[in-house]
1. Considering Cα pairs under 8 angstrom that are at least six residues apart, work out the relative contact order of segment 43-222 and quote it in whole percent.
2. For 283, 40, 205, 86, which order do you get if you count the other beta carbons within 10 Å of each Cβ and list the fewest first?
3. Among 557, 279, 179, flag the residue with its Cα farthest along the positive direction of the charge dipole of the chain, charges on Cβ as +1 for Lys/Arg and -1 for Asp/Glu.
4. Can you put 366, 69 in order, fewest other beta carbons within 10 Å first?
5. If each of residue 415 and residue 93 carries a label point 7 Å out from its Cα toward its Cβ, how far apart are those two points in nm?
6. Can you give the FRET efficiency for residue 399 and residue 522, using 1/(1 + (r/R0)^6), R0 = 30 Å, r = Cβ-Cβ distance, to the nearest 0.05?
7. So how do 481-491, 295-305, 91-101 stack up, highest first, on mean other-Cβ count within 10 Å?
8. Within 10 Å, count the other beta carbons around each residue, average over each peptide in 400-408, 590-598, and list them highest first.
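Values in this text are rule-based calculations from the coordinates and carry no lab data. On a predicted model such as this, the values are computed, not experimentally measured, just so you know. No Cβ is skipped: glycine too gets one built from the backbone with ideal geometry, and neighbour counts run over all protein chains shown.
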Amino acid sequence: MTGAGRRVLAALALLCTTLAASAHAADPAKLLRVAFLSAETGFDPQAGSDLYSNHVNRAIFDPPYTYDYLARPYRIVPNTAAALPEISADGLNSTIRIRPGIHFADDAAFKGVRRELTAADYVYAIKRVIDPKIRSPNLQQFDGKFVGADALVARAKETGRFDYDAPLEGLQAQDRYTIAIRLTAPSYDLLADLTTVSAGAVAREVIEAYGDGSGWAMANPVGTGPYRISEWRRGQKIVLEANPGFRDVAYPRSSDPADRAIVARLGGKKLPLIGRIEISIIEESNPRLLAFEKGDLDYISVPSDLVWNVLDPPAKLKPRYVAAGVQLARGIQPTVAYTYFNMDDPVVGGYTRDKVALRRAVSMAYNTEEEIRVVRQGQAVPATQPVPPGVTGHDPAFNGHVKFDPAGARALLDKFGYVDRDRDGWRDLPDGRPLLLHVASTIGTVERQIDELWQRSLAQVGIRVEFVKQKFPDTLKAARAGQLQMWGLANTNTTTEGYGFLGLLYGGHAGLSNLSRFNLPEFNQRYDASRRLPDGPARTKLFREMSELVTAYAPWMLDVYRYENVVLYPWVVGFKHSGIYQHPWPYLDIDSGAKRAPVQ
């Protein structure tokens with residue numbers, strides 16, 4: 001056969017494949033409308049860290065493994081991998097086999113060729129996480145794990161360039177579909193890490209085509225997942241459409257009686273089911289709830305400050321919501337909310353007794369109980385440690401929450417010389433300069449109320465405060481650059497493993513995931529040791545000791561663990577609330593026949 005003939009046959013084969021995929025594509029007439037309460041920062045799975053961007057990333061990019069959407073207890077299953085890893089008896093060597101025939105969404109970077117996912121794409125993606133130039137906030141998942149990686153990273157720091165083509169003994173594509181991993185020590189969390197968005201496959205030619213000076217490619221996401229971006233207006237609206245070339249993935253089965261209705265309706269159907277997802281950025285609580293009540297959003301997480309507009313105590317939908325067929329899904333989020341102090345800041349940072357005293361006094365002055373009662377309308381409980389309930393390593397016997405004690409805060413400030421030296425009614429630093437705190441804050445109703453609470457709390461102990469108000473992406477950028485003195489935020493887990501929360505305080509992650517820049521040798525040593533242990537009493541003991549150090553040195557003011565109340569209209573089918581932050585969109589369906597009048 002001539003070369004021309006072969007090209008014609010190849011083109012016909014590609015056309016047939018595309019037509020076959022399109023025939024099974026999600027229903028383009030089905031639309032899911034959702035809202036984010038903060039703006040996205042961009043869509044690069046190795047560079048992103050905020051919840052909102054990563055919610056989109058997880059619809060676009062595929063890690064090799066995922067959690068079974070319905071299984072409880074939670075269970076990791078293959079995603080693009082053909083099976084769970086083959087692991088050696090000593091736990092140091094793993095082999096992962098990627099399923100053939102999975103393709104990236106079409107993009108100009110592929111120059112008209114349909115691009116197959118390969119083992120090399122996962123190797124490249126994980127190398128991006130450890131590349132010092134990328135400054136990945138997800139570094140804690142993979143740093144120090146692979147044999148030979150430290151030397152490769154050291155050379156990159158010396159030369160200013162990470163050599164992606166250099167062989168890495170601990171992470172190799174053995175062939176087109178096989179990944180070989182050799183670890184420096186057994187890693188009991190590696191499989192969970194391989195379910196996260198930072199392990200999502202990216203194509204090197206896409207990153208090289210669209211990457212910026214930092215190596216990030218935030219504006220041109222191209223993945224193998226169930227959705228792709230069709231429209232994006234920064235900070236306003238994101239529209240996803242079903243990827244017509246998405247592989248055959250069926251809705252999971254379950255033997256749990258609680259899932260019987262979902263499985264009877266959707267079990268075995270090809271995912272995704274919904275052809276289009278519209279994401280609106282609605283920062284304020286009232287407009288977001290109003291949009292749901294008007295039927296402009298299909299489901300929302302109820303803003304905590306408006307929870308009693310939706311529920312009657314203790315947690316029952318109001319009659320008008322029941323009349324509209326609205327369903328409620330409720331549970332504690334796998335999230336810790338806290339305020340961090342920048343440990344490099346000349347006012348609140350440092351490890352000397354006077355600096356620790358200032359941070360502890362500020363924490364003692366803040367009225368968390370009022371935040372829970374008034375701002376969050378009872379939809380939270382005090383945070384006791386960096387690791388929240390529901391994930392490994394949480395110790396229910398430990399309570400490191402600083403009790404609200406303004407009198408004790410005043411006495412502590414007096415003892416360490418934070419007194420009013422110029423008699424203007426406000427405390428000064430021990431050297432006589434004015435004591436003024438700068439607290440970063442984003443846009444939103446709850447954020448404004450928390451600002452007011454900070455102001456009242458600190459005024460009671462004689463400390464002035466100013467607020468640095470910005471949108472979330474700008475605040476996060478400033479935080480990574482070390483430009484904020486204090487900021488209250490929350491981190492949410494996407495796996496069952498709790499070690500990642502303590503990684504937010506590990507010195508080696510300063511300026512990446514560790515926004516407080518806390519760097520204490522005693523903490524770092526315990527963190528390193530904990531990563532070499534399985535979940536169990538020995539690791540929990542190390543976690544507790546790290547939590548004790550956080551309580552003692554106060555780089556964080558532990559705030560709350562939050563309840564989540566999700567309300568859904570009856571036409572949203574397939575939602576199951578999760579105690580880890582699983583991604584529901586590919587598993588949801590819209591039943592147009594169930595549509596009725598919205599909340600009246």
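1. Computed over segment 43-222, the figure is 32 percent.
2. In order of increasing Cβ crowding within 10 Å: 86, 205, 283, 40.
3. Sorting the options by dipole projection puts first 279.
4. Fewest-to-most ranking of 366, 69: 69, 366.
5. 5.8
6. Once rounded, the FRET efficiency stands at 0.90.
7. 295-305, 481-491, 91-101
8. Going from most to least packed, we get 400-408, 590-598.
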